[in-house]
Amino acid sequence: MAAIDTWSRRRFLAATGGLALGALAPGFGSAGAAPAAASPRSRLILLGTAGGPTPKSLRAAPAQAVVVDGAVYIVDCGNGVARQMALAGLPLGAIREVFLTHHHSDHNADYGNLLLLAWAADLRRPVGTWGPPPLARMTRRFLQLNAEDIRTRVADEGRPPLAPLIRPHELRRGGVVMRDERVKVTAALVDHPPMAPAFAYRFDCPDRSIVFSGDTRPSPALIELARGADVLVHEVMYLPALERLIASEAQAGRLRQHLLDSHTTTEQVGRLATEAGVRTLVLSHFVPGGDPSLTDEVWRDAVAPYYAGRLVIGRDLMEL
């Protein structure tokens, strides 16, 4: 798929409400510094916006990219994330860091595959990976699973060994977890039982701040992490359609309780974003994510009474 030129992309996104321009993020810039427009700008790309582990025709599995100066930071690795990067025009070799919010399969199914496929393309520098335990053991097991392919490509194609390029970091608590010359990443523990720990992440970029909720029920720690953020990308669940979703699942009773205990409803996400004072709320990780009757207007009408800021209904490959 040919990449859309920058002007066409920006014009399309502006027309559809998908282009957000943020203020300077806290901690960046100073008196007498160049105007924000002269600074390197960040890009936020929603690679996949569905919720739940099963593939859906309407939306891809959860994954997001933050791009600063061409460096790509991935948040969550749902099924097909490498292909979604290709459709978004993002080089796999540009990945710098990968962050997992928790270890449900819709968020980590392609963690190893993304790095293997990036290595098979043009990844030649180390990538830091960040997430809850047992991330290091998962990484080792994935390399073992694919040892034959890796060995063959090293010998036959002259590629460097893959293992030294993946550097896992296991997170157990919140706080600043990663900082480089482009971004500062802060984690917060959120509530997504029975998964613990589970994390939300805040990216403070040169031009704005972007927060990813991961999967969570309403969380005071997330509100504090998102306080005053330019953009909050938050999961969302539409209760009136829940019974149709549950009826299609074999474990209906247990699934219902999990969804109610561990996720955030449309009303709750609007109230949370209002309390945190975020400038733009982006809905993603839609539950249900495969119901064609849930149009953008349905989602907007369910959240807007509780949030007066800029509201964006996320779509796969949308860029903000």
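Of the numbered conditions (1) surrounded by fewer than 13 Cβ atoms within 10 Å (Cβ to Cβ); (2) without any contact (Cβ under 8 Å) to a residue 40 or more places away in the chain, residue 146 fails exactly one; give the number of that condition.
Result: residue 146 passes all but (1).
Taking the condition of being closer than 27 Å to residue 80 by Cβ, under 18 Å from the mean Cα position of the chain (by Cα) and of a type outside the set (Ser, Thr, Tyr), how many residues in the stretch 259-317 meet it?
Count: 17.
Residue under question is residue 238, and the condition is that it be open to solvent by 10 Å² or more (accessible area, probe 1.4 Å), modelled with pLDDT of 95 or more, of a type in the set (Phe, Trp, Tyr) and closer than 29 Å to residue 55 by Cβ; does it hold? Spell out how you get there, then give the answer.
Working: open to solvent by 10 Å² or more (accessible area, probe 1.4 Å): yes; modelled with pLDDT of 95 or more: yes; of a type in the set (Phe, Trp, Tyr): yes; closer than 29 Å to residue 55 by Cβ: yes.
Criteria met by residue 238.
May I ask you to list the residues in the stretch 129-141 that are assigned to a helix (DSSP H, G or I) and open to solvent by 30 Å² or more (accessible area, probe 1.4 Å)?
First pass over the stretch 129-141, keeping only residues assigned to a helix (DSSP H, G or I): 135-141.
Listed by number, the residues that qualify are 137, 138, 140, 141.
Is there any pair with a first residue in the stretch 49-69 that is basic (Lys, Arg) and a second that is part of a strand (DSSP E or B) whose Cβ atoms are under 8 Å apart and which are 6 or more apart or on different chains, and what are they?
Close Cβ pairs satisfying both conditions: 56/50; 59/48; 59/50; 59/286.
Can you name the number of the only condition in (1) closer than 20 Å to residue 107 by Cβ; (2) part of a loop (DSSP other than H, G, I, E, B) that residue 125 fails?
(1)
Please enumerate the residues belonging to the stretch 255-265 that are in contact with a Leu (Cβ under 9 Å, 6 or more places away or on another chain) and surrounded by fewer than 23 Cβ atoms within 10 Å (Cβ to Cβ). Don't jump to the end; show me each part of the working.
Here is the first cut: in the stretch 255-265, the ones in contact with a Leu (Cβ under 9 Å, 6 or more places away or on another chain) are 255-256, 259-260, 264-265.
Residues satisfying the conditions are 255, 256, 259, 260, 265.
Consider the stretch 76-96. How many of its residues are open to solvent by less than 20 Å² (accessible area, probe 1.4 Å) and touching a Gly at 6+ places or on another chain (Cβ under 8 Å)? Before you say what the answer is, go through the steps one by one.
So the first thing to find is which residues in the stretch 76-96 are open to solvent by less than 20 Å² (accessible area, probe 1.4 Å), and the list is 76-78, 81-82, 85, 88, 90, 93-95.
Right, trim to touching a Gly at 6+ places or on another chain (Cβ under 8 Å) and you get 76, 78, 81, 94.
The number of residues fulfilling the criteria is 4.
Going by the conditions given, is residue 154 at negative phi and part of a strand (DSSP E or B)? Please lay out each step first, then the result.
Numbers: at negative phi: yes; part of a strand (DSSP E or B): no.
Taking the combined requirement at face value, the residue does not satisfy it.
Are there any pairs, at least 6 apart or on different chains, whose C-beta atoms fall under 8 Å, with the first in the stretch 158-178 and more than 15 Å from residue 96 (Cβ to Cβ) and the second open to solvent by less than 40 Å² (accessible area, probe 1.4 Å) and among the polar types (S, T, N, Q), and if so, which?
Partner pairs satisfying both residue conditions: 174/186; 175/186; 176/186.
For the stretch 42-56, how many residues meet the condition of being part of a loop (DSSP other than H, G, I, E, B) and either in contact with a Cys (Cβ under 9 Å, 6 or more places away or on another chain) or open to solvent by 10 Å² or more (accessible area, probe 1.4 Å) (or both)?
From the stretch 42-56, those part of a loop (DSSP other than H, G, I, E, B) are 49, 51-56; that's our starting set.
Okay, now just the ones that are also either in contact with a Cys (Cβ under 9 Å, 6 or more places away or on another chain) or open to solvent by 10 Å² or more (accessible area, probe 1.4 Å) (or both), so 52-56.
Total meeting the criteria: 5.
Filter the stretch 177-227 for residues that are in a strand (DSSP E or B) and more than 23 Å from residue 104 (Cα to Cα) and give the result. Before the answer, list the steps.
Within the stretch 177-227, the subset in a strand (DSSP E or B) is 177-179, 184-192, 195-204, 209-212.
Hits for the stretch 177-227 are 179, 184, 204, 209.
For the stretch 172-213, give me each residue that is among the aliphatic types (A, V, I, L, M), within 24 Å of residue 136 (Cβ to Cβ) and in contact with a strand residue (DSSP E or B) (Cβ under 6 Å, 6 or more places away or on another chain).
In the first step, residues of the stretch 172-213 are kept if they are among the aliphatic types (A, V, I, L, M); the result is 176-178, 183, 185, 187-190, 195-196, 198, 200, 210-211.
When the remaining residues are screened for being within 24 Å of residue 136 (Cβ to Cβ), the result is 176-178, 183, 185, 187-190, 195-196, 198, 200.
Once the filter is applied, which keeps residues that are among the aliphatic types (A, V, I, L, M), within 24 Å of residue 136 (Cβ to Cβ) and in contact with a strand residue (DSSP E or B) (Cβ under 6 Å, 6 or more places away or on another chain), the stretch 172-213 yields 176, 177, 178, 183, 185, 187, 188, 189, 190, 198, 200.
Going through the stretch 292-308 one residue at a time, which ones are under 20 Å from residue 259 (Cα atoms) and open to solvent by less than 30 Å² (accessible area, probe 1.4 Å)?
294, 299, 302, 303
In this structure, is residue 311 buried (at least 22 other Cβ atoms within 10 Å of the Cβ) and either among the small types (Gly, Ala, Ser) or in a strand (DSSP E or B) (or both)? Please lay out each step first, then the result.
Numbers: buried (at least 22 other Cβ atoms within 10 Å of the Cβ): no; either among the small types (Gly, Ala, Ser) or in a strand (DSSP E or B) (or both): yes.
Judged against the criteria, residue 311 is not a match.
Residues to consider are 102, 107; find the one that is assigned to a loop (DSSP other than H, G, I, E, B), open to solvent by less than 40 Å² (accessible area, probe 1.4 Å) and at pLDDT 95 or above. Can you show your working first?
Working: 107 fails: assigned to a loop (DSSP other than H, G, I, E, B).
Among 102, 107, only 102 is assigned to a loop (DSSP other than H, G, I, E, B), open to solvent by less than 40 Å² (accessible area, probe 1.4 Å) and at pLDDT 95 or above.
What number of residues in the stretch 189-201 are buried (at least 24 other Cβ atoms within 10 Å of the Cβ) and touching a helix residue (DSSP H, G or I) at 6+ places or on another chain (Cβ under 7 Å)? Before you say what the answer is, go through the steps one by one.
Step one: of the stretch 189-201, the residues buried (at least 24 other Cβ atoms within 10 Å of the Cβ) are 190, 192, 198-201.
This time we only want the ones that are touching a helix residue (DSSP H, G or I) at 6+ places or on another chain (Cβ under 7 Å), so: 190, 192, 200.
Of the residues in that region, 3 qualify.
Given the options 216, 274, name the one that is open to solvent by 50 Å² or more (accessible area, probe 1.4 Å) and closer than 29 Å to residue 176 by Cβ. Write out each step before concluding.
Values: 216 fails: open to solvent by 50 Å² or more (accessible area, probe 1.4 Å).
Residue meeting the stated conditions: 274.
Filter the stretch 253-306 for residues that are assigned to a loop (DSSP other than H, G, I, E, B) and within 21 Å of residue 231 (Cβ to Cβ); which is modelled with the lowest pLDDT? It would help to see each step written out before you state the result.
Here is the first cut: in the stretch 253-306, the residues assigned to a loop (DSSP other than H, G, I, E, B) are 263-264, 277-279, 288-295.
Retained after the next criterion (residues that are within 21 Å of residue 231 (Cβ to Cβ)): 263-264, 277-279, 289.
Working: 263: 97, 264: 98, 277: 98, 278: 98, 279: 98, 289: 92.
The extreme case among them is 289.
The values are calculated or read from the model by the stated rules, or taken from the named source; none is laboratory data. Treat the numbers as computed from the prediction; the structure is a model and nothing was measured. A quick note on method: Cβ atoms are made from the backbone with ideal geometry, for glycine too, and the neighbour counts reach across all protein chains shown. Areas reflect the complete protein model, heavy atoms only, side chains present, ligands, DNA and RNA absent. Shrake-Rupley method; radii C 1.70, N 1.55, O 1.52, S 1.80 Å.
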